[in-house]
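Chemist: A single structure is presented below for examination.
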Amino acid sequence: MRADELLASASDTISVRNHTHGDTKDNMRRTAMLLSAYLETPIHDYQVAVIMQLVKISRTQESPYLLDHWLDLLGYGAIAGELALREELD
């Protein structure tokens with residue numbers, strides 16, 4: 001699969017999962033609040049998406065040929081960028 005096809009598929013995955021799991025921004029915000037309380041330190045919503053990328057990177061050690069890891073890695077990167085850039089503008 002070519003890089004542009006991976007990016008297009010990751011975009012589709014984000015849309016499908018927004019429908020399945022609810023709005024991405026809301027989900028990252030809620031998760032950031034839960035992590036902040038648990039770790040007793042502020043966590044930003046974009047950092048949650050970066051953490052999820054780290055989970056996906058770790059999983060590639062066991063199964064580097066699983067497409068889902070790469071699609072999620074790209075998707076979480078896009079989500080992290082959107083949230084971080086939005087936060088900078090706010």
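Chemist: If you filter the stretch 1-61 for trypsin sites (Lys or Arg not before Pro), then keep DSSP loop positions with at most 11 other Cβ within 10 Å, what is left?
Modeler: For trypsin sites (Lys or Arg not before Pro) across the stretch 1-61 that sit outside H, G, I, E and B with at most 11 neighbouring Cβ atoms in 10 Å, the list reads Arg2.
Chemist: How large is the helix-only mean residue ellipticity at 222 nm for the chain, computed as the sum of -39500 (n - 2.57) over DSSP H runs with n ≥ 4, divided by its residue count, in deg cm²/dmol to the nearest 500?
Modeler: After summing the helix terms and dividing by the residues of the chain, the value is -28000 deg cm²/dmol.
Chemist: Read through the labelled values (i) 27, 22, 9; (ii) 23, 16, 12; (iii) 19, 16, 13 and report the label of the one computed as semi-axes √(5λ) of the Cα gyration tensor in Å from the structure.
Modeler: (ii)
Chemist: Between the DSSP loop rule and a limit of at most 16 other Cβ atoms within 10 Å, which chymotrypsin sites (Phe, Trp or Tyr not before Pro) in the stretch 33-90 are left?
Modeler: In loop regions of the stretch 33-90 (DSSP not H, G, I, E or B), the sparsely surrounded chymotrypsin sites (Phe, Trp or Tyr not before Pro) are Tyr65.
Chemist: Can I ask one more? Under the rule of at least 5 residues apart or a separate chain, name every residue whose amide H is placed under 5 Å from the amide H of Ile43.
Modeler: The list, which skips near neighbours in sequence, is Ser36.
Chemist: Across the stretch 60-70, in residue order, what do the Karplus-derived ³J(HN,Hα) couplings come to in whole Hz, using 6.51 cos²θ - 1.76 cosθ + 1.60 with θ = phi - 60° and x for Gly and Pro?
Modeler: Along the stretch 60-70, the couplings run 5, 5, 8, 9, x, 9, 8, 4, 3, 4, 6 Hz.
Chemist: If I model a spin label at Arg17 and Leu34 as a point 7 Å from the Cα along the Cα→Cβ vector, what separation in nanometres do I get?
Modeler: Going from the Arg17 label point to the Leu34 one covers 1.4 nm.
Chemist: Given labels modelled 7 Å from the Cα in the Cβ direction, how far is it in nm from Glu5 to Val55?
Modeler: 2.8 nm
Only the coordinates and a few stated rules stand behind these numbers; no lab work does. The model shown is predicted, which means the values in this text are computed figures rather than measured ones. Glycine also receives a Cβ, built like all others from the backbone with ideal geometry; neighbour counts cover every protein chain displayed.
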